[in-house]
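Each remark here refers to the structure printed beneath this line.
The values are calculated or read from the model by the stated rules, or taken from the named source; none is laboratory data. Small disclaimer: the values here were computed from a predicted structure and weren't measured. Cβ coordinates were reconstructed from backbone atoms using ideal geometry, including for glycine residues, and neighbour counts include every protein chain displayed.
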Amino acid sequence: MKRRVFIASMLASLLSLSPAAFADKPLRIVVPFQAGSATDAAARILGDHLGKIMNRSVMVDNKPGAEGLIAAREVINATPDGHVLLFSTNPAITASNTFYPKPHFEPLTDLTAIARAAQYPFLSMTRSDLPFKKAEDFITYARAKPNEMNYAAGSSSSLLAMAQLVGSADLDMHYIPYNSEPPAVVDLMGGRIDVMFATPTTTKGFLDEGKLNALMTTHSTRLDLFPDVPTMPEAGFEELSLLAWGGFFGPGKMHPETRKRLSDQVLQVIADTKIVAALKTHNIVVSPMGSDAFHDFVKNQLQLSAQVVEEHGLMRK
């Protein structure tokens, strides 16, 4: 009996070792999108500074495909010792598990929520040739043309955002799916799409050229790069319940002390004003949340996503 207690104590001690004890082994951050994406950029910015805090090297490992499922499974199958983390936005967590009749995995048990780092604001975009420049006028125009207008989505996040808006405004519009955001934006400019939620990264240049019109932002405050674009409440709408966010996860069954240490380190990094500024250049807004709060947040987002998917008939086969 004493021997078992001793072994258990030793294992707990090993799992909660200080960062210095792991300095000889790199931290691997798995990202569910290709290099050059906004999520990849955030992972590299945060990973570089995490490495400095931990006094260890960091490797960003891009595993794109299957809406983030490939990357998620890579981390799910890893040893929960703090050497392998997932930096993911919500599609890999919520879309993989609420858009299908059977979840691909259980995010709250197969993964360990460590810390939320950021939010990714969307802009409600329309073609510049449509006869309105404000969100309220868009709603009036769309209601006067039931079944005549359409909207696009280049990701599950933008689809959920648009579904929430269409539902709350009681609009009757056709949905046109796209595999990614850039081709949808091209078709928006080309007149084949009427409206969509898109990221500032993809659309800023076209907005500056007057080829697109931004009605409002999903962020809680106006964006520095778009000071004239109102928030949803300013435009007369409720804030969306489902947000686009990014955070760190570890494999399931991670030791509580390891989880807390990693969470504290992530929060330390994103409290740095230099990191805030670096992320802002990619239109990413710092939005810190510790491990317990992040776990509850993910649970709530999963429930809301399932609700929106069911209400709007977005379930995939």
Quiz prompt | Matching residues, region 254-295, being more than 30 Å from residue 225 (Cα to Cα) and modelled with pLDDT under 95 | solution = none
Quiz item: Is there a residue in region 84-98 that is at negative phi, assigned to a loop (DSSP other than H, G, I, E, B) and out of contact with any helix residue (DSSP H, G or I) (no Cβ under 6 Å at 6 or more places or on another chain)?
Solution: no
Quiz item: Taking region 222-247 as the search range and keeping residues that are touching a Lys or Arg at 6+ places or on another chain (Cβ under 8 Å) and surrounded by 21 or more Cβ atoms within 10 Å (Cβ to Cβ), which one is farthest from residue 139 (Cα to Cα)?
Solution: 247
Quiz item: In region 226-250, what count of residues is obtained for those that are closer than 28 Å to residue 293 by Cβ and under 23 Å from the mean Cα position of the chain (by Cα)?
Solution: 17
Quiz prompt | Only one of 299, 274, 253 that is more than 14 Å from the chain's Cα centre (by Cα), surrounded by fewer than 21 Cβ atoms within 10 Å (Cβ to Cβ), not in a helix (DSSP H, G or I) and not polar (S, T, N, Q) | solution = 253
Practice problem: Tell me which of these residue 115 doesn't satisfy, since it passes every other one: (1) buried (at least 18 other Cβ atoms within 10 Å of the Cβ); (2) assigned to a helix (DSSP H, G or I). | Solution: (2)
Quiz item: What pairs come up if the first residue lies in region 254-269 and is of a type in the set (D, E, K, R), the second is buried (at least 18 other Cβ atoms within 10 Å of the Cβ), and their beta carbons are under 8 Å apart, counting only those six or more places apart or on different chains?
Solution: 259/112; 259/114; 259/250; 259/291; 260/291; 261/82
Quiz prompt | Members of region 222-247 that are polar (S, T, N, Q) and modelled with pLDDT of 90 or more | solution = 231
Quiz item: Can you find even one residue in region 75-86 that is of a type in the set (A, V, I, L, M) and within 16 Å of the chain's Cα centre (by Cα)?
Solution: yes
Quiz item: When you go through (1) farther than 14 Å from residue 85 by Cβ; (2) of a type in the set (Lys, Arg); (3) touching a residue at least 24 places away in the same chain (Cβ under 8 Å) one by one for residue 222, which number turns out not to apply?
Solution: (3)
Quiz item: Taking region 35-63 on its own, how many of its residues are part of a loop (DSSP other than H, G, I, E, B) and over 16 Å from residue 157 (Cβ atoms)?
Solution: 6
Exercise. Could you list all residues from region 62-94 that are surrounded by fewer than 17 Cβ atoms within 10 Å (Cβ to Cβ) and touching a residue at least 40 places away in the same chain (Cβ under 8 Å)?
Key: 77, 79, 81, 83
